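To start, the structure under review is shown below, and the notes come after it.
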Amino acid sequence: MTDAPAPPQPPAGPVRLVTVACIMALIGVGFSLLHFVRPTPLLFSLFMIVGQGSFAAALVLYAVAIFTDLKRRKVL
């Protein structure tokens, strides 16, 4: 056994928010690629509703993660 200190744990909140933001952005990219490859009215509607909505949600979640981390480090 060693008496070495344990490595610091990463902040769980911002890391999860960034992970969810990345997943939401990938969903938006998926819908935009589907619409780009096969442009139909249904895929256009899905892109406008789901794709852009997931991009917007990803942007908001990423901004919240940034502000949470800045407040945790007492920069703001």
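Every number here is computed from the coordinates shown, using simple stated rules; none is lab data. Quick caveat: nothing in here was measured; it's all calculated off a predicted structure. Note that each Cβ is placed from the backbone with ideal geometry, even for glycine, and that neighbours are counted across all protein chains shown.
Details
- Rounded to the nearest 10 degrees, the angle from helix 12-37 to the longest Cα principal axis of the chain is 20 degrees.
- Pairwise label distance in nanometres, Leu33 with Asp3, each label 7 Å out on the Cα-Cβ vector: 5.4 nm
- Inter-site label distance for Leu59 and Cys22 at 7 Å from Cα along Cβ, in nm: 2.1 nm
- Debye equation applied to the C-alpha atoms of the chain, log10 I(q)/I(0) at 0.14, 0.15, 0.18, 0.21 Å⁻¹: -0.58, -0.62, -0.74, -0.86
- Using alpha-carbon coordinates, inclination of helix 52-72 to the longest axis of the chain, degrees: 10 degrees
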